[in-house]
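Since the structure comes first, as structure tokens, the remarks are kept for the end.
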Amino acid sequence: DGGITQSPKYLFRKEGQNVTLSCEQNLNHDAMYWYRQDPGQGLRLIYYSQIVNDFQKGDIAEGYSVSREKKESFPLTVTSAQKNPTAFYLCASTGYSTSGNTIYFGEGSWLTVV
Amino acid sequence: DAKTTQPPSMDCAEGRAANLPCNHSTISGNEYVYWYRQIHSQGPQYIIHGLKNNETNEMASLIITEDRKSSTLILPHATLRDTAVYYCIVRTYNTNAGKSTFGDGTTLTVKP
């Protein structure tokens, strides 16, 4: 089935380490997004990419990096510069469907700094 | 993308209609209103969208005011499983629509 796959579902990181969250989609969507969600809060945009080899900063890009070498992949690296990385991370993509220009989300990844 | 304003929380009795409001006073002429919901610790799920006409699908109805500055999502017969956070966003119809910004949404609690 088509969809967005995020991995790992749960990740623990030691302070000072970089970690990379994987996001893969087989929907043939051009645009992909990364959001961060803190407990009880809404979604905040970290980075987005509208086309391969191009991406833009969202509202909270500091301490994060991304790449978009392939259409179907948009990995997010949480660097040691991110001072409070513990959160729920959501990857999304957009494309035309019978639901219009709908945003499709993955199931999310929980990152905990220990 | 235009920003939206939603009440932080609402309650609804099971079996009754849940009416969730959203203000989007700066919406542009080519922007659609989309509604999503998020059940705890899952990815948000698409519900419905519209431009200026009222829309209905198997999940909900969407009522958009004539001036398009606000809308209401209606769950006609709320169940306990409809307890979730509901997000209203506005975005253009273009696939590569740039930033897609979500606010804090409305936490709907359906009570027995």
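The values are calculated or read from the model by the stated rules, or taken from the named source; none is laboratory data. What you see is a predicted model, and the numbers here were worked out from it, not measured in a lab. Virtual Cβ from ideal backbone geometry, glycine too; neighbours counted across all protein chains shown. Keep in mind that these areas ignore ligands, DNA and RNA; they rest on the heavy atoms of the full protein, side chains included. Shrake-Rupley method; radii C 1.70, N 1.55, O 1.52, S 1.80 Å.
Tabulated data for the structure shown
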| quantity | calculated |
| --- | --- |
| Exposure ranking of A:Phe74, A:Phe105, A:Phe12 by accessible area [1.4 Å probe, largest first] | A:Phe12, A:Phe105, A:Phe74 |
| Per-residue ³J(HN,Hα) for the stretch A:34-48, Karplus 6.51 cos²θ - 1.76 cosθ + 1.60, θ = phi - 60°, Hz, x for Gly and Pro | 10, 10, 10, 10, 8, x, x, 10, x, 8, 10, 7, 9, 9, 9 |
| Under 5 Å, built H, 5+ apart or other chain: amide partners of A:Thr86 | A:Val113 |
| Accessible surface ranking that places the most exposed of A:Ser49, B:Ser9, A:Ser7 first, with a 1.4 angstrom probe | B:Ser9, A:Ser7, A:Ser49 |
| Compactness relative to 2.2 N^0.38 Å, alpha carbon Rg of the stretch A:1-83 | 1.09 |
| Dipole moment magnitude, nearest 20 debye, the protein assembly as shown about Cα centre, only Lys, Arg, Asp, Glu C-beta charged | 340 |
| Virtual spin-label span in nm between B:Thr72 and B:Thr56, 7 Å along Cα→Cβ | 1.5 |
| ³J(HN,Hα) computed for each position of the stretch B:74-84 - Karplus, 6.51 cos²θ - 1.76 cosθ + 1.60, integer Hz, glycine/proline x | 10, 9, x, 9, 5, 10, 4, 6, 7, 4, 5 |
| Å² of accessible area per residue within chain A, as computed with a 1.4 Å probe and no ligands counted | 47 |
| ³J(HN,Hα), Karplus 6.51/-1.76/1.60, whole Hz, each residue of the stretch B:39-52, x for Gly, Pro | 8, 2, 6, 10, x, x, 10, 5, 10, 6, 8, x, 9, 8 |
| Percentage relative contact order, chain A, counting C-alpha pairs under 8 Å, at least six apart | 34 |
| For chain A, with +1 on Lys and Arg beta carbons and -1 on Asp and Glu, the positive-most of A:Met32, A:Leu90, A:Thr112 along the dipole | A:Thr112 |
| Pairwise centroid distance, computed over Cα atoms, of the stretch B:1-26 with the stretch B:47-98, Å | 10 |
| Among B:Ile74, B:Leu51, B:Val110 - extreme Cα towards positive end, dipole of the stretch B:43-112, charges at beta-carbon | B:Leu51 |
| For chain A, the longest site-free run once GluC sites (Glu not before Pro) in DSSP loop states with at most 13 other Cβ atoms within 10 Å are removed | A:16-61 |
| Cα-Cα over 27 Å, subset of A:Lys57/A:Lys83; A:Lys9/A:Lys57; A:Lys14/B:Lys99 | A:Lys14/B:Lys99 |
| Accessible-area composition of the stretch A:1-81, carbon plus sulfur, in percent [1.4 Å probe] | 45 |
| Compactness index (Cα Rg / 2.2 N^0.38 Å), chain B | 1.01 |
| Other-chain or far-sequence residues with amide H under 5 Å of A:Gly58's (modelled H) | A:Tyr47, A:Tyr48 |
| Where N is the number of residues in the protein assembly as shown, Cα Rg divided by 2.2 N^0.38 Å | 1.01 |
| Summed residue charge, Cβ within 11 Å of B:Ser25's Cβ, Lys/Arg positive, Asp/Glu negative | +2 |
| Accessible-area order (highest first, 1.4 angstrom probe) of the listed residues B:His49, B:His40 | B:His40, B:His49 |
